[in-house]
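A short worksheet on the structure shown next.
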Amino acid sequence: MADLNELKEAAKSLRDEILNNVKDLANSKEAYELRKVFLDSKQGKIGQLMKEMRTVPNDQKQEYGKTVNELKQWAQARFEEVDRAMKERELQSRYEREKLDVTMPAVETVPGNLHPVTQVREELIDIFASMGFEVYEGKEIENDYYNFTALNTPQDHPARDMQDTFYVSPEFLLRTQTSAGQIHVMEAKKPPIKILSPGRVFRSDDDATHSPMFHQMEGLVVDKHITLSDLKGMLDTFVQKIYGENTTTRLRPSYFPFTEPSVEVDVSCFECGGKGCGLCKGTGWIEVLGAGIVNRKVLENCGLDPDEYSGLAFGIGLERIAMLKYGINNIKLMFESDMDVLKQINDQE
Ligand code: PHE
C-alpha cells in the first residue's frame, strides 16, 4: 500500500514543477506543450498520479482523490491563465510589428504612358474611323515596284532623289513611304476604297527634324467623282478635331509623282490663331502633310479605269504632328526615351 503522505508530497512537487516551468515559457506553443506534459488525458503526469488511486487504502481514497483533483483544477486554471497571457502578448507584438505609420509619405507609383507617336496615331485613327476609314497595315519591306514604279516613279525618275532609300537587296528595300500600301489595296479591292494605313517608313536622312525611321499615316479614297474638295473637306474635319474648331487648312501646289494635282497642306497656326508667331515663323500657317488627287497612271497601274474612278490620297508624318502638338523641336527627343522629356510630354496631357 502506498503511503498517503508520500503521494501528497508527489502532488505538491508536481505543483512546484509546474510553477517553475511556467516561468520559462516563451510563447503559447510552448505553453500548449507544457500543458500536455501535465494534463494530457493519457500520458499527463497528473493523470498518472490519479492512477495511483488503486494503491491507496480504501478509507484514504476520498482524501487522495480530492488532493489530486484540486491539483488538476489548479493546473487547468493556471495553464488557461498562462495561455491567455501568452496569446495577449503575441497579439500585442503582432500589432507592434504590423503597425502602420499613416503619416509616412506614400510610395509614389509612376504610371506608364503610351508613346506620344502612339497617342497621335490612335487619335488620328479615331478621327478618320469616324469618317468611315478602315485601317490597312502595309509591309515594311517592299520591292521597288510597290514603293516607286507603280507609284509613277520609274527608275531614273528624278523624284527618286526626293527620298534616299535603304535597299536590303537589289530588289527589296525598306519602304520610304506608306504610299506603297495604296498599290496593294487598289490591286486587291475594287472601289469604293477608303483606307488609312499607318506605319513605319525609312529614309537615309538624319537631322533635327528628320530621322532615318519615322511614322506616316496614309489615307486613300477611291470612288466615282472624288475631287480635291472632298480632300479639303476631310482634312478640315481632321485638323479641327485635333487642333480645335477654328482651325482651317490651306492647299498649296506641290509635286508628287503619284498625285496630280499635288498639294502641300498647311494648317492655320493653332498657337497664334493665324496672326503669326514663333511656331509658324510669322506666317500664320504650319505645313502638316502632302496630298493630292491620285494620278491617272497610278489607277491604271492597278487595273482601275481612270475615266470611271478617281481618288484622293494624303500622307501625314506622325512625328511632325506629335512635335507640333507637344512643342518638341528635335525629332531625336521622340526616340531617346529620356524620362524627363516623356514626363513633360505626358504632363501636358
Ligand atoms: N508619300 C508622300 C511622302 O512621303 C506623301 C504623300 C502621300 C503625298 C499621299 C501625296 C499623297 O512625302
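The values are calculated or read from the model by the stated rules, or taken from the named source; none is laboratory data. Just so we're clear, the structure is a prediction, and the values are computed from it rather than from any experiment. Note: ideal-geometry Cβ built from the backbone for every residue, glycine included; neighbour counts use all protein chains shown.
Here are the numbers:
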{"item": "Meets criteria (under 32 Å from the mean Cα position of the chain (by Cα), closer than 18 Å to Leu124 by Cβ and either more than 14 Å from the ligand (Cβ to nearest atom) or hydroxyl-bearing (Ser, Thr, Tyr) (or both)) for Glu271", "result": "no"}
{"item": "Selected residue (criterion: nearest to Pro212 (Cα to Cα)) from residues of the stretch 135-163 that are surrounded by 13 or more Cβ atoms within 10 Å (Cβ to Cβ) and of a type in the set (Asp, Glu)", "result": "Glu140"}
{"item": "Check on Lys297, in the same structural domain as Ile242 (by TED's automatic domain parsing), within 16 Å of the ligand (Cβ to nearest atom), of a type in the set (D, E, K, R) and over 30 Å from Pro111 (Cα atoms)", "result": "yes"}
{"item": "Flag for Thr247 being within 12 Å of the ligand (Cβ to nearest atom), under 27 Å from Phe270 (Cβ atoms) and assigned to a loop (DSSP other than H, G, I, E, B)", "result": "no"}
{"item": "Residues satisfying the stated conditions in the stretch 112-125, i.e. in a helix (DSSP H, G or I) and either farther than 24 Å from Ala180 by Cβ or touching a residue at least 40 places away in the same chain (Cβ under 8 Å) (or both)", "result": "Pro116, Val117, Gln119, Val120, Arg121, Glu123, Leu124, Ile125"}
{"item": "Residue that is surrounded by the most Cβ atoms within 10 Å (Cβ to Cβ) [pool: residues in the stretch 332-347 that are touching a residue at least 60 places away in the same chain (Cβ under 8 Å) and over 20 Å from Tyr243 (Cβ atoms)]", "result": "Leu342"}
{"item": "First in the stretch 126-139 and under 20 Å from Glu187 (Cα atoms), second anywhere and of a type in the set (S, T, N, Q) and assigned to a strand (DSSP E or B), Cβ under 9 Å, 6 or more apart", "result": "Val135/Ser197; Tyr136/Ser197; Glu137/Ser197; Gly138/Ser197"}
{"item": "Matching helices (runs of 4 or more DSSP H) fully within the stretch 284-349 where at least 3 residues are modelled with pLDDT of 95 or more and more than 17 Å from Glu218 (Cβ to Cβ)", "result": "296-301"}
{"item": "Residue in the stretch 77-86 that is surrounded by 12 or more Cβ atoms within 10 Å (Cβ to Cβ), in contact with a Ser or Thr (Cβ under 7 Å, 6 or more places away or on another chain) and in the same structural domain as Glu9 (by TED's automatic domain parsing) present", "result": "yes"}
{"item": "Close pairs from the stretch 253-270: first outside the structural domain of Phe148 (by TED's automatic domain parsing) and within 17 Å of Phe238 (Cβ to Cβ), partner outside any strand (DSSP E or B) and more than 9 Å from the ligand (Cβ to nearest atom), Cβ under 7 Å, at least 6 apart", "result": "none"}
{"item": "Some residue of the stretch 242-256 being of a type in the set (A, V, I, L, M, F, W, C) and within 31 Å of the chain's Cα centre (by Cα)", "result": "yes"}
{"item": "Residue in the stretch 254-268 that is of a type outside the set (A, V, I, L, M), surrounded by fewer than 18 Cβ atoms within 10 Å (Cβ to Cβ) and more than 16 Å from the ligand (Cβ to nearest atom) present", "result": "no"}
